[in-house]
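Note sheet for the following structure.
Taken together, the values in this text are just the output of simple stated rules run on the coordinates, not laboratory data. Everything numeric here is computed off the predicted structure, so don't read it as measured data. Note that we place each Cβ from the backbone using ideal geometry, even for glycine, and neighbour counts take in every protein chain shown.
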Amino acid sequence: MLNEHQQRVVECLKAENQVLREQLGPKRIRLNDDQRRRLAVVGRAIGRKALSEICSIVTRDTMLRWHRKLIAQKHDGSGSRRAGRPGVMR
């Protein structure tokens, strides 16, 4: 029963997204980094196959690319690097 309810909620959200997309027209949607981050995290949790059925704003490949980029930025390590020779212990 809970699964059926969740499925109805998903169908309602898909229909709502479709209506909003039709009102927007062919214009490209501009998303900021925070919006991309939220979509990427949710998209990664859902999985590639389910994204093809659900996602209507961007493609599933785009969402997963955003996720890979966020992970790469997180583990970049460039924030801890400094220019010049390392200091010596006293």
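So the values come out like this:
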item	result
Dmax and Rg, reported as Rg then Dmax, of the range 30-73 (C-alpha, Å)	9.5, 28
Separation in nanometres of the label points that stand 7 Å from Cα toward Cβ, at Asp33 and Leu20	2.3
Among [x] 1.34; [y] 1.03; [z] 1.22, the entry that matches Rg/Rh (Cα atoms, Kirkwood Rh) as calculated here	[z]
Restricting the range 1-86 to trypsin sites (Lys or Arg not before Pro) in coil, as DSSP defines it, with at most 14 other Cβ within 10 Å	Lys27, Arg28, Arg30, Arg81, Arg82
Residue-averaged 222 nm ellipticity for the chain, from DSSP H runs of 4+ at -39500 (n - 2.57), nearest 500	-21500 deg cm²/dmol
